[in-house]
Amino acid sequence: ARLRDLDVPQLPPDSDRPLDVAIAGCDSVDDKGRHVVKGGLGAMLREKLVRDAAATWVVVCDSGKVCKDVGLAFPVPVEIAPAFHQRTLRRLAYLPYLGPCDARLRLGSGPAGRPGAPVNEGAKPFVTDNGNYVADLHLRKPLSDVSQAAKALSLVAGVVAHGLFPGGGDRPR
């Protein structure tokens, strides 16, 4: 709504027109600005679609979201299919380049929390706008290779999208 008030043009989600620029926030970014984590609000697939459609992608964040390494300051969110979600969670917990980690199904209606945030055990799974669930990966150590971790996540059956944007989201055209 704020962008409309400023007369910034917007496209509907189902548009096939190219985007000149997309402006996004983030949940964390490494202190060199190379690797971005997004999806704390549960929109990993949509974040990837917007990034792919934009000729230029600008990430804006405050200094509180800058961290030394990716993986510890904010859990890595992963959008997963509801079918066989427990199996997918088990696979994510021991995935090379990420694990072992604590792969938690996001419960309730709120966004992801920082490591150590309370978990509402009685709540139902968080459901994305696309009808999927979200796994929050609480890592035990920083990611040593963000690109390889992103590739490994993308290869897991049941993973729809993830919140890692290696290289700040740069991708070949």
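The values are calculated or read from the model by the stated rules, or taken from the named source; none is laboratory data. Keep in mind the model is a prediction, meaning the values are calculated, not measured. Here the Cβ is made from the backbone with ideal geometry for all residues, glycine too, and neighbour counts use every protein chain on show. Note: areas computed on protein heavy atoms with side chains; ligands, DNA, RNA excluded. Shrake-Rupley method; radii C 1.70, N 1.55, O 1.52, S 1.80 Å.
Worth pointing out:
- Accessible surface of region 1-143, 1.4 Å probe: 54 percent of it comes from carbon and sulfur atoms.
- A Förster radius of 35 Å combined with the Cβ-Cβ distance from Ala81 to Gln148 puts the calculated FRET efficiency at roughly 0.95.
- Stokes-Einstein D (µm²/s) once Rh is taken as the Kirkwood radius of region 1-84 over alpha-carbon pairs, at 10 °C in 1.306 mPa s: 110
- Cα pair distances of region 1-50 binned at 10 Å [whole percent]: 18, 46, 32, 4
- Between the entries (1) 15.9, 47; (2) 17.3, 51; (3) 24.2, 72, the label attached to Rg and Dmax of the Cα atoms in Å calculated for this structure is (1).
- Ranking by accessible area, most exposed first, for Leu98, Leu45 with a 1.4 Å probe: Leu45, Leu98
- Taking amide H as placed 1.01 Å from N in the peptide plane, the amide H of Ala161 sits under 5 Å from that of Glu79, each at least 5 places away or on another chain.
- Rounded FRET efficiency, nearest 0.05, which uses the C-beta distance separating Arg140 from Lys32 and R0 of 22 Å: 0.50
- Rolling a 1.4 angstrom probe over the protein heavy atoms with all chains in place gives the chain an accessible area of 58 Å² per residue.
- Counted residue by residue at 0.36 nm each, then reduced by the alpha carbon distance between them, the extension gain from Ala157 to Val58 reaches 32.6 nm.
- In the assembled protein chains, Arg4 presents an accessible area of approximately 150 Å² (probe radius 1.4 Å).
- The stretch between Val127 and Ser15 holds 38.0 nm of extra length on full extension. This uses 0.36 nm per residue minus the Cα-Cα distance.
- Residues Ser63, Ser15, Ser154, ordered by accessible area of protein heavy atoms at a 1.4 angstrom probe radius and largest first, appear as Ser63, Ser154, Ser15.
- The lysine pair tally for region 1-148, using Cα distances under 27 Å and a gap of 8 or more places or different chains, is 15.
- The chain: antiparallel DSSP beta bridges as a percent of all, rounded to 5: 70
- A simple spin-label model places pseudo-atoms 7 Å from Cα toward Cβ; at Ser109 and Asp5 they are separated by 2.4 nm.
- Solvent accessible area, Å² - Lys32, 1.4 Å probe, full protein context: 130
- Only protein heavy atoms count here; on that basis, with a 1.4 Å probe, Arg17 has an accessible area of about 150 Å².
- Note on the chain: GNM, Cα springs under 10 Å; of Pro96, Pro82, Pro12, the largest mean-square fluctuation is that of Pro12.
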